[in-house]
Amino acid sequence: MNDTTEREQQLVDWLADMNEDDALSLARQMLLEDEKDPLRVMELCRMAMDIVGKRFEEGEYFLPELVLAGEMLESIGAIAKPLIKQVPGEVAKKLGRVLIGTVHGDLHDIGKNIVSFMLDINGFDVKDIGIDVPVKTFIQEIKDYQPDVVALSGFLTLAFESMKETIASFEHEDMRGKFKIMIGGGQIDETVRAYTGADAYGRNAVEAVNLCKNWLGAAA
Amino acid sequence: MSTESSAQASEAKAAYDARWQRILDCISLKQPDRMPVALYSTFWLAKYGGITHKQLMYDYETTKAIAERAVLEFDPDVISTLLLTVASGRCLEAIGFKQLQWPGHGVGENQPFQYLDREYMKADEYDEFLFDPTGFYLHTYLPRVAEAFEGFAELPHFAGLYYFGLVAGIRRFTRPAIRESFERIVKAAEESNRFIGHHVQFQARMASLGYPCTNGTTGVAPYDFIADYFRGATGMMKDIFRNKDKLLQLLDKVTILLLRHLIPNAKASGNPIVFIPVHWAPDAFMSAKHFETFWWPSFRKLMLALIDAGLVPMPLWESDCTKRLEVIKDVPVGKCIYWFERTDMVKAFEVLGDVVALRGNLSPSLLTTGTPKEVDAAVKHLVDHVWKPGGKLILDAAFGLPDETPVANVRAMFAAARKYAG
């Protein structure tokens, strides 16, 4: 943070404080008028999101702040990304791969989408395979994507059985030990975790991020 | 009526009165003679009766028979609107309902219906809704949520229907889309009449057997009404920041609109309890500041108006609302039932025990994956820590019986209630 200029710090603060109008106007100015390095602007966004995540963990911020932060980042990303000049061979280092989907029978996606977004901005490669995902689709996607973590989402009580069935199928396919499994959703608790055989459950998006960071050896 | 049937009727009436008195006692914070237990089910009846979810939604007679069998087996103190809650399949189909997916319409025959969270009102439509709610419903909202109403998008603007404008303006009613809408709505309304007829008949049958219903009508919190049925979950979360003033204005307005139909409907039902499932109050969903700005004031106003009308609000506080307890305590004493889903009931009793009756809250994960012995222990825990210390508790599952609950666990729940609390 010591190398951050006053204007840069202003952008971080406005983003972290949910001051959308000012933050977007400043980011636009930096990118389009000042021709600031778009990667630097995205780095400032990530710094802001660290603060948002911390405030979430501390109980100051809740879902509306995460959703608005996501919107702000999407707006800035839409301007910044076309300006990023790809350097051949240079790929941003990611912390790991997470495959996420809502288990079969369940059509809910709000929680899953927020978890996907939080994992993404915290440096994970995330593949979201949608809602009502059949067991065989999970298997195929795991074979193709080779994730470090598989995240199963579900809001309804029917998801308990679907999660159990999905995880059991990983055993049958002899792939259970190749990745960690976390589950989450409205009714998920330790009883459900034990019932389904998942490695862990998260009560919210930040817990999901911390689970992944702990498993993959990154500082939580 | 024969002497025998007259005696049976009189016995059932006495049983009905005793059961209902337990609920009234709980509401007014008097100790009933035993802890009342509720039977609330949605699709669990399909498991109990050995039929598919689709059959439960479409076959009125079978659903009524299964529901009656369950009531007679478990002998609860109160029942939910067992038919009304699930048997809407024919109506949904007739109206071309777009906000739900149900068996045969987007989900399998053995899956529950599921709500489609979407923006049914766009962020830039606040002004239109605020200025002319009925016009917004007719031209925009209803065509978006139900196929039968799609033709209404072509309806004339009613303010133009005055003097000779009325004569010329009604020509639009000959348009094919509008005619088709009216025809389809009438057919859907006929099905709705049949559906509600079965519901009324079932409730009367239950009353004649001695079982009162837990609620006469169902309401909604103003914030949840806008979030769930208009703006969608994430749309509403963004509105807290982007459309704050308009959202507050709309919350005020819809509180009045909701009360205008809720109070007469509740009174017409003959049952004072108004069931209000609460979706967006949980601790995790918004900050205390946002809760006290956007969620609670309009809901409190709605509850106070219901109480003033002689009704009993029964909010079901979904998920965990532990951090809200001190705020939601601010209601008149002995006038409400607070049903908690995942909030620690012992904590709720400590904070609210001298203000409201309580309902709930056996955990869904326990009921679906636990053993009868574990269910027994969970009931005993609530009896020992809430009922016996003086809590006016109506025992129920967290949000009624989860659809997948093994029947043995339901038997354990009812048996434990009688074993430990009369």
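A few remarks follow.
- Residues located in region A:96-108, provided they are within 16 Å of A:Gly202 (Cβ to Cβ) and either over 10 Å from the mean Cα position of the chain (by Cα) or part of a helix (DSSP H, G or I) (or both): A:Gly96, A:Leu99, A:Gly101, A:Thr102, A:Val103, A:His108
For (1) within 14 Å of chain A (Cβ to nearest Cβ); (2) under 25 Å from B:Ile328 (Cβ atoms), each residue gets a yes or a no:
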{"site": "B:Thr369", "(1), (2)": "yes, no"}
{"site": "B:Ala378", "(1), (2)": "yes, yes"}
{"site": "B:His385", "(1), (2)": "no, yes"}
{"site": "B:Gly400", "(1), (2)": "yes, yes"}
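- Residues in region B:86-97 that are surrounded by fewer than 19 Cβ atoms within 10 Å (Cβ to Cβ) and in a loop (DSSP other than H, G, I, E, B): B:Gly96 only.
- In region B:79-117, the residues that are of a type in the set (Val, Ile, Thr) and either under 19 Å from A:Pro134 (Cβ atoms) or within 15 Å of the chain's Cα centre (by Cα) (or both): B:Ile79, B:Thr81, B:Thr85, B:Val86, B:Val107
- Residues in region A:103-114 that are touching a helix residue (DSSP H, G or I) at 6+ places or on another chain (Cβ under 9 Å) and either within 22 Å of A:Phe170 (Cα to Cα) or without any contact (Cβ under 8 Å) to a residue 60 or more places away in the chain (or both): A:Val103, A:His104, A:Gly105, A:Asp106, A:Ile110, A:Asn113.
- All of (1) within 21 Å of the chain's Cα centre (by Cα); (2) of a type outside the set (Lys, Arg); (3) assigned to a helix (DSSP H, G or I); (4) away from chain B (no Cβ under 11 Å) hold for A:Val150 with one exception: (3).
- Looking only at residues of region B:314-332 that are more than 19 Å from the chain's Cα centre (by Cα) and more than 12 Å from B:Val351 (Cβ to Cβ), we find that the one that is surrounded by the most Cβ atoms within 10 Å (Cβ to Cβ) is B:Val331.
- Looking across region A:155-195, the residues that are more than 9 Å from chain B (Cβ to nearest Cβ), β-branched (Val, Ile, Thr) and either in a helix (DSSP H, G or I) or more than 23 Å from the chain's Cα centre (by Cα) (or both) come down to A:Thr166, A:Ile167.
- Scanning region B:350-366 for residues that are farther than 19 Å from B:Ala38 by Cβ, within 14 Å of another protein chain (Cβ to nearest Cβ) and of a type outside the set (Lys, Arg) turns up at least one hit.
- Filter pass, A:Ile110 being in contact with an Asp or Glu (Cβ under 8 Å, 6 or more places away or on another chain), over 18 Å from A:Val41 (Cα atoms), surrounded by 15 or more Cβ atoms within 10 Å (Cβ to Cβ) and more than 14 Å from every other protein chain (Cβ to nearest Cβ): no
- Residue list for region B:99-121, filter: closer than 15 Å to B:Ala233 by Cα, assigned to a loop (DSSP other than H, G, I, E, B) and facing chain A (nearest Cβ under 10 Å): B:Leu116, B:Asp117
- Filtered residue count, region B:218-247, keeping only those that are within 16 Å of B:Met286 (Cα to Cα) and assigned to a helix (DSSP H, G or I): 18
Per-residue answers, yes or no, for (1) part of a helix (DSSP H, G or I); (2) among the hydrophobic types (A, V, I, L, M, F, W, C):
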{"site": "B:Lys301", "(1), (2)": "yes, no"}
{"site": "B:Leu306", "(1), (2)": "yes, yes"}
{"site": "B:Asp320", "(1), (2)": "no, no"}
{"site": "B:Val333", "(1), (2)": "no, yes"}
{"site": "B:Val351", "(1), (2)": "yes, yes"}
{"site": "B:Leu358", "(1), (2)": "no, yes"}
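- The residues listed here are B:Ile276, B:Ile307; of these, the one that is aliphatic (A, V, I, L, M) and within 23 Å of B:Gly400 (Cα to Cα) is B:Ile276.
- Top-ranked residue in region B:16-37 [being under 20 Å from B:Gly210 (Cα atoms) and in contact with a helix residue (DSSP H, G or I) (Cβ under 9 Å, 6 or more places away or on another chain); ranked as surrounded by the fewest Cβ atoms within 10 Å (Cβ to Cβ)]: B:Asp33
- Screening B:Phe136, B:Phe129, B:Phe173, B:Phe152 for residues that are of a type in the set (A, V, I, L, M, F, W, C), surrounded by fewer than 17 Cβ atoms within 10 Å (Cβ to Cβ) and assigned to a helix (DSSP H, G or I) leaves exactly one candidate, B:Phe173.
- Selection over region B:280-312 of residues that are more than 14 Å from chain A (Cβ to nearest Cβ), small (Gly, Ala, Ser) and surrounded by fewer than 17 Cβ atoms within 10 Å (Cβ to Cβ) gives a count of 2.
- In region A:197-220, the residues that are within 13 Å of chain B (Cβ to nearest Cβ), without any contact (Cβ under 8 Å) to a residue 40 or more places away in the chain and assigned to a helix (DSSP H, G or I): A:Glu207
- Among residues of region A:52-64 that are outside the structural domain of A:Met18 (by TED's automatic domain parsing), none has a beta-carbon under 8 Å from a residue that is surrounded by fewer than 22 Cβ atoms within 10 Å (Cβ to Cβ) and at pLDDT 90 or above at least six positions away or on a different chain.
- Within region A:5-39, being away from chain B (no Cβ under 14 Å), in contact with a helix residue (DSSP H, G or I) (Cβ under 6 Å, 6 or more places away or on another chain) and either assigned to a loop (DSSP other than H, G, I, E, B) or not charged (D, E, K, R) (or both) holds for A:Leu11, A:Val12, A:Leu26, A:Ala27, A:Met30, A:Leu31, A:Lys36, A:Pro38.
- Meets criteria (in a helix (DSSP H, G or I), away from chain A (no Cβ under 14 Å) and hydrophobic (A, V, I, L, M, F, W, C)) for B:Leu29: no
- Residue tally, condition part of a helix (DSSP H, G or I), within 14 Å of chain B (Cβ to nearest Cβ) and among the small types (Gly, Ala, Ser), over region A:40-70: 2
The values are calculated or read from the model by the stated rules, or taken from the named source; none is laboratory data. As the structure is a computational prediction, the values presented were derived from the model and not from experiment. Glycine gets a Cβ as well: all are built from the backbone with ideal geometry, and neighbour counts include every protein chain shown.
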